[in-house]
Amino acid sequence: MHATPQNGQQNGHQKVPLAGFTVGVTAARRADELGALLQRRGATVLHAPALRIVPLADDSELLSATKELIDHAPDVVIATTAIGFRGWVEAADGWGFGDALLRCLRGVELLARGPKVKGAIRAAGLTEEWSPSSESMAEVLDRLLGEGVEGKRIALQLHGEPLPGFVESLRAAGAEVVGVPVYRWMPPEDLAPVDRLLDATVARAVDALTFTSAPAAASFLARAEDRGMAIELFAALQHDVLTACVGPVTALPLQARGVDTVQPERFRLGPLVQTLCQELPSRARTLPIAGHRVEIRGHAVLVDDELRPVPPAGMSLLRALARRPGWVVSRAELLRALPGAGRDEHAVETAMARLRTALGAPKLVQTVVKRGYRLALDPAAGSKYSD
């Protein structure tokens with residue numbers, strides 16, 4: 001999933017708060033939904049599923065969960081997918097527990113996520129108590145929280161990657177949640193997208209990473225370890241790349257490694273995106289330069305509220321200049337800031353010319369003869385930025 005947002009709109013930072021920022025999405029499930037929410041707010045999205053979902057080869061976990069539920073019936077059972085529910089009932093039949101499981105399910109509040117799983121429930125001779133019209137787990141969660149779950153035991157048929165924030169919200173409201181694992185999480189068969197996202201993160205070519213499950217976060221970190229990139233990745237995540245998690249359980253693998261994360265108050269995808277809309281613009285550097293308001297974003301610059309895309313080399317130069325606004329930065333120092341530029345200072349002049357063109361206001365960057373370049377910081381702002 002790749003997207004380039006519309007650029008050059010007046011007041012674009014208000015309509016599309018993530019314009020000029022690149023966000024990495026690691027989800028396997030619901031990645032399209034999350035990506036669409038981000039793109040609608042102006043972000044460029046890099047998608048790299050950190051997991052794949054496969055049926056359990058060793059079903060001992062499912063057997064254990066099934067026996068536990070038969071012995072100690074829950075108050076509520078949530079069936080999330082037709083294939084998963086059928087697989088569960090078939091597996092129980094194979095173990096000789098099929099009738100016992102169906103008896104258990106007849107005596108509880110059975111919720112179905114949508115019409116397909118409703119059909120699977122009825123094919124098993126059961127009747128669901130309720131199913132949302134939207135096929136949305138958010139609606140299921142709203143119903144449960146509205147009824148009150150304090151002290152209730154809720155069985156959730158898992159379907160691969162955990163539902164963003166669903167279990168966390170129920171537990172926070174006082175429920176005991178028992179997972180029924182019909183699938184297992186595995187590393188993706190094609191690791192190339194994950195490797196590209198790792199490389200982009202280390203190169204600071206993404207501004208934020210999003211995680212919607214703890215297994216995805218653990219898998220992403222494990223791949224960095226396998227490639228010998230763990231130290232570089234943690235340096236990027238601790239200082240430059242924002243790490244956004246849908247909830248506290250998802251954040252645990254990252255926090256265990258000392259990575260700070262941001263999380264929404266409500267553990268869902270919409271609030272996760274809203275958190276990014278608040279956090280990323282607040283981290284952008286804003287400077288008064290040559291009579292203009294200049295906001296430096298991930299791969300673009302807002303000049304008086306107009307979004308100006310800037311090539312990577314130009315962004316590297318601009319960031320080097322912005323570290324000491326108003327001060328002269330030598331060509332040699334700027335050359336070191338250019339990725340893979342070698343030793344030819346002419347590369348600085350070429351990149352600088354392109355930067356000025358991209359900004360659309362050539363006087364923002366001044367040439368200081370025989371010394372280097374400087375941002376033309378407004379005089380009134382000089383004292384604020386000069387130390």
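Within the stretch 237-253, no residue that is aromatic (Phe, Trp, Tyr) sits with its Cβ atom under 8 Å from a residue that is buried (at least 16 other Cβ atoms within 10 Å of the Cβ) at 6+ positions apart or across chains. The single condition among (1) free of Cβ contacts under 8 Å to residues at least 12 places away in the same chain; (2) open to solvent by 40 Å² or more (accessible area, probe 1.4 Å) that residue 230 does not satisfy is (2).
Among the residues of the stretch 203-227, the ones that are part of a helix (DSSP H, G or I), in contact (Cβ under 8 Å) with a residue 24 or more places away in the chain and more than 22 Å from residue 277 (Cβ to Cβ) come to 9 in all.
Rundown of residues vs (1) assigned to a helix (DSSP H, G or I); (2) of a type outside the set (S, T, N, Q), yes/no style:
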{"position": "275", "(1), (2)": "yes, no"}
{"position": "280", "(1), (2)": "yes, yes"}
{"position": "293", "(1), (2)": "no, yes"}
{"position": "301", "(1), (2)": "no, yes"}
{"position": "326", "(1), (2)": "no, yes"}
{"position": "350", "(1), (2)": "yes, no"}
{"position": "358", "(1), (2)": "yes, yes"}
{"position": "366", "(1), (2)": "no, no"}
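For the stretch 55-65, the criterion of a residue being in a strand (DSSP E or B) and open to solvent by 30 Å² or more (accessible area, probe 1.4 Å) is satisfied by at least one position. Among the criteria (1) in a helix (DSSP H, G or I); (2) within 35 Å of the chain's Cα centre (by Cα); (3) modelled with pLDDT of 95 or more, the one residue 70 does not fulfil is (2). Filtered by the rule that a residue be outside any loop (DSSP other than H, G, I, E, B) and in contact (Cβ under 8 Å) with a residue 60 or more places away in the chain, the stretch 257-273 gives 269, 270, 272, 273. For the stretch 66-85, a residue qualifies if it is open to solvent by less than 10 Å² (accessible area, probe 1.4 Å) and either in contact with a Gly (Cβ under 9 Å, 6 or more places away or on another chain) or under 15 Å from residue 115 (Cβ atoms) (or both), and the qualifying residues are 79, 80, 84, 85. Only one entry of 199, 207 meets the criterion of being of a type in the set (Asp, Glu) and surrounded by 21 or more Cβ atoms within 10 Å (Cβ to Cβ), and that entry is 207.
The values are calculated or read from the model by the stated rules, or taken from the named source; none is laboratory data. Quick caveat: nothing in here was measured; it's all calculated off a predicted structure. Cβ: placed from backbone, ideal geometry, glycine included. Neighbour counts: every protein chain shown. Accessible surface areas use protein heavy atoms only, side chains included; no ligands, DNA or RNA. Shrake-Rupley method; radii C 1.70, N 1.55, O 1.52, S 1.80 Å.
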